[in-house]
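**Student:** Following this message is one structure expressed as structure tokens.
The values are calculated or read from the model by the stated rules, or taken from the named source; none is laboratory data. Note that the structure is a prediction, hence the values are computed from the model and not measured. No Cβ is skipped: glycine too gets one built from the backbone with ideal geometry, and neighbour counts run over all protein chains shown. Ligands, DNA and RNA are excluded from the accessible area calculation, which covers all protein heavy atoms including side chains. Shrake-Rupley method; radii C 1.70, N 1.55, O 1.52, S 1.80 Å.
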Amino acid sequence: MYLIGNGYLITHDPSLPFMKNGAVLIEGDAVRDVGDTGKLSKAYPKAQFIDAEGGVIMPGLINAHTHFYSAALRGYSVPGFHPGCFADVLLMRSWRLDRELDFRDTVNAAYASAMEAVKNGVTTVFDHHAGYGSVSGSLMGVAGAAGAVGLRACCCFETSCRLGYSDEKAAEEENENFIAFCEKQPSGMLKAMFGLHAPFTLTESSLKSCAARNAGRTGFHIHVSESGDDAFVSTHTFGQLPAELLKNCGILGGRTILAHCVHTTESELDTIAESGSFVVNNPQSNMSNAVGCADAKTMLSKGIKLCLGTDNFTPDMLESARAFITAQRDKTGDPSFGLNEAAKLLFENNRLLAEEYFGKGIGTIKPGAPADIIIMDYKPYTPMDESNYPAHVLMGMSGRNCVFTMAAGRILMRGRKLLTVDEAALAERIGKSTAALWERISAGEAMKIVPAFMYMMEEKMG
Ligand SMILES: [Zn+2]
């Protein structure tokens, strides 16, 4: 039994959202009591006290869209790489990496990303894995690393036709097998979705095949209109806009994640809103790929459940939230837009998504909720209370303020030191392995546009 106290307490529980000297009692994997530090210390004298030292105690953060595998590319520069558009980024960098990833690389990258997540106060991730160098069993590798570090993870494999029929079918099978595994071994820490890359590298028949294989057991996790490529290919090949195509193929729904939706029309947003699908905004990734800025204002006005992710551009959800605020203000020309909306995305909608998979109470601190709790080393110089704490969190903190991370009552990190894994040993192993991976990527050719779309055109031509 732990008592975490002596700090500002943010709960995201409307009945008691904020306390100045709050404390949380943890028993097993759940929160048992919440209240004043002095009162709870007297009531539970045998609990092991964890001192927040005047910092901020709050629920663990949730990342609604990330790619653990892409950590393998940090610091790597493709020789002679000067992308002219988003397709170049995919063909010359992302797809070159995922084609070379073997099982060991997948596990190593997942460890690197999971460790960084915990050190940035993230306790739940929705990961979207691609690794066509080793498809079968790869999700168990991602899940194994996330589990060893102690994260809650919802995993999937991005099915794509870009490498042809056999790889596409292998990806479908990997999703199906992993979903079956998660069904047979129910766990509060590990969940499955059915992964899809994006409409422009999938065909109508492959989308329908995935929907049939999934048979409503879980939601889909797919990129949609990150660039203009989805609308171009969907319209010219299938005669439908991406959201309509996905609706007609049975992909949309209340447990589905659509990442990005930067180039989505207003009528498509109506379709998405009607379906109840979640949309995930990844502001830094979008700006980095020069694909634009999603229309969050219209999405929210239509009641779309807009969430926040990182695309693994950063492990830091607070950095991503701050980028959302500034990008949206720049886009709308409205300096009053963004702050409350970022709080809604990160603290409310990401929680709703996590509840769909990990159960009620996640993302809050209240009796009975899962014990996913972080302490931020943040002592405000200006007043902080119930009315303005979101501004302090979103504008004053970064993930690196996190000094303590707990998930399901297990302490994962304390004093910036990971307790579940040997970070230094893993870093050495990952470094050596990644150097060999980079050599393979550099030696391999960039993917050509023709193979990427050959399969699709073959199907279209019959
Ligand atoms: Zn992504």
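**Student:** Find the residue count for segment 205-233, including only residues that are within 20 Å of GLY147 (Cβ to Cβ) and modelled with pLDDT under 95.
**Tutor:** 0
So that you can scan it fast, the table gives a plain yes or no per residue for (1) within 24 Å of the chain's Cα centre (by Cα); (2) more than 30 Å from ARG255 (Cα to Cα); (3) without any contact (Cβ under 8 Å) to a residue 60 or more places away in the chain:
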{"site": "GLU356", "(1), (2), (3)": "yes, no, no"}
{"site": "ALA369", "(1), (2), (3)": "yes, no, no"}
{"site": "ASP372", "(1), (2), (3)": "yes, no, no"}
{"site": "MET376", "(1), (2), (3)": "yes, yes, no"}
{"site": "TYR381", "(1), (2), (3)": "no, yes, yes"}
{"site": "MET384", "(1), (2), (3)": "no, yes, no"}
{"site": "GLY396", "(1), (2), (3)": "yes, yes, yes"}
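**Student:** For segment 55-87, which positions are touching a Leu at 6+ places or on another chain (Cβ under 6 Å) and closer than 30 Å to ASN21 by Cβ?
**Tutor:** Answer for segment 55-87, where residues must be touching a Leu at 6+ places or on another chain (Cβ under 6 Å) and closer than 30 Å to ASN21 by Cβ: just ILE57.
**Student:** Which of the strands (runs of 3 or more DSSP E) contained wholly in segment 111-204 include at least 2 residues that are modelled with pLDDT of 95 or more, under 22 Å from LEU73 (Cα atoms) and within 18 Å of the chain's Cα centre (by Cα)?
**Tutor:** Strands (runs of 3 or more DSSP E) meeting the threshold: 122-127, 152-155, 194-196.
**Student:** Just checking, how many residues over segment 55-103 are touching a Lys or Arg at 6+ places or on another chain (Cβ under 7 Å), touching a residue at least 60 places away in the same chain (Cβ under 8 Å) and surrounded by fewer than 19 Cβ atoms within 10 Å (Cβ to Cβ)?
**Tutor:** 1
**Student:** Here's something else I'd like to know. With the structure loaded, tell me whether ALA23 is open to solvent by less than 10 Å² (accessible area, probe 1.4 Å) and either touching a Lys or Arg at 6+ places or on another chain (Cβ under 6 Å) or modelled with pLDDT of 95 or more (or both) or whether it fails that test.
**Tutor:** yes
**Student:** Any residue at all in segment 205-220 that's crowded, with 24+ Cβ neighbours inside 10 Å, under 16 Å from ALA64 (Cβ atoms) and within 15 Å of the ligand (Cβ to nearest atom)?
**Tutor:** Yes.
**Student:** Which numbered condition in (1) in contact with a strand residue (DSSP E or B) (Cβ under 6 Å, 6 or more places away or on another chain); (2) open to solvent by 40 Å² or more (accessible area, probe 1.4 Å) is the only one that GLN185 fails?
**Tutor:** (1)
**Student:** Can I ask one more? Might you check whether a residue that is farther than 17 Å from ALA407 by Cα, within 16 Å of the ligand (Cβ to nearest atom) and either open to solvent by 20 Å² or more (accessible area, probe 1.4 Å) or hydroxyl-bearing (Ser, Thr, Tyr) (or both) occurs anywhere in segment 27-41?
**Tutor:** Within segment 27-41, none of the residues are farther than 17 Å from ALA407 by Cα, within 16 Å of the ligand (Cβ to nearest atom) and either open to solvent by 20 Å² or more (accessible area, probe 1.4 Å) or hydroxyl-bearing (Ser, Thr, Tyr) (or both).
**Student:** For segment 268-292, give me the residue count where each residue is open to solvent by 20 Å² or more (accessible area, probe 1.4 Å) and within 16 Å of the ligand (Cβ to nearest atom).
**Tutor:** 6
**Student:** Here is a follow-up. Please pick out the residue among GLY303, GLY309 that is closer than 24 Å to TYR357 by Cβ, under 19 Å from the mean Cα position of the chain (by Cα) and open to solvent by less than 60 Å² (accessible area, probe 1.4 Å).
**Tutor:** The match here is GLY309.
**Student:** Moving to a separate point now. Within segment 253-267, take every residue that is away from the ligand (no atom under 16 Å from the Cβ) and more than 16 Å from SER234 (Cα to Cα) and give me the one that is surrounded by the fewest Cβ atoms within 10 Å (Cβ to Cβ).
**Tutor:** Looking at the filtered set, the residue picked out is GLU266.
**Student:** Let me ask you something else. Limited to segment 97-115, what total is found for residues that are away from the ligand (no atom under 16 Å from the Cβ) and under 19 Å from PHE200 (Cα atoms)?
**Tutor:** Result for segment 97-115: 1.
**Student:** Can you report the number of residues in segment 71-86 which are at positive phi and under 24 Å from the mean Cα position of the chain (by Cα)?
**Tutor:** Final tally of qualifying residues: 1.
**Student:** Okay, moving on. Can you say whether LEU339 is assigned by TED's automatic domain parsing to the domain that holds ARG255, of a type in the set (A, V, I, L, M) and within 16 Å of the ligand (Cβ to nearest atom), as far as the supplied structure shows? Steps first, please.
**Tutor:** Details: assigned by TED's automatic domain parsing to the domain that holds ARG255: yes; of a type in the set (A, V, I, L, M): yes; within 16 Å of the ligand (Cβ to nearest atom): no.
Considered against the rule, which asks whether it is assigned by TED's automatic domain parsing to the domain that holds ARG255, of a type in the set (A, V, I, L, M) and within 16 Å of the ligand (Cβ to nearest atom), LEU339 comes out as no.
**Student:** Any residue in segment 406-434 that is within 15 Å of VAL118 (Cβ to Cβ) sitting within a Cβ distance under 7 Å of a residue that is open to solvent by 50 Å² or more (accessible area, probe 1.4 Å)? List the pairs, counting only those 6 or more apart or interchain.
**Tutor:** As it stands, the answer is ALA408/ASP29; ALA408/MET189; GLY409/GLY28; GLY409/ASP29; ILE411/LEU419; LEU412/LEU419; MET413/LEU419, since those pairs meet every condition given.
**Student:** Let me ask something else. Would you tally the residues in segment 321-374 being among the polar types (S, T, N, Q) and surrounded by 17 or more Cβ atoms within 10 Å (Cβ to Cβ)? First the steps, then the outcome.
**Tutor:** Start the filter on segment 321-374 by keeping residues that are among the polar types (S, T, N, Q), which leaves 326, 328, 332, 336, 340, 349-350, 364.
If we keep only those that are surrounded by 17 or more Cβ atoms within 10 Å (Cβ to Cβ) too, we end up with 328, 349-350, 364.
Summing the residues that are among the polar types (S, T, N, Q) and surrounded by 17 or more Cβ atoms within 10 Å (Cβ to Cβ) in segment 321-374 gives 4.
**Student:** Of all the residues that make up segment 294-317, how many are within 16 Å of the ligand (Cβ to nearest atom) and within 17 Å of GLU226 (Cα to Cα)?
**Tutor:** So the count comes out to 9.
**Student:** Separate question: Considering segment 227-237 alone, what residues qualify as being within 16 Å of the ligand (Cβ to nearest atom) and either more than 18 Å from ASN281 (Cβ to Cβ) or open to solvent by 20 Å² or more (accessible area, probe 1.4 Å) (or both)?
**Tutor:** Listed by number, the list holds a single entry, ASP229.
**Student:** Output yes when any residue across segment 31-39 is out of contact with any strand residue (DSSP E or B) (no Cβ under 6 Å at 6 or more places or on another chain), assigned to a helix (DSSP H, G or I) and either β-branched (Val, Ile, Thr) or not assigned by TED's automatic domain parsing to the domain that holds CYS307 (or both), and no when none is.
**Tutor:** Yes.
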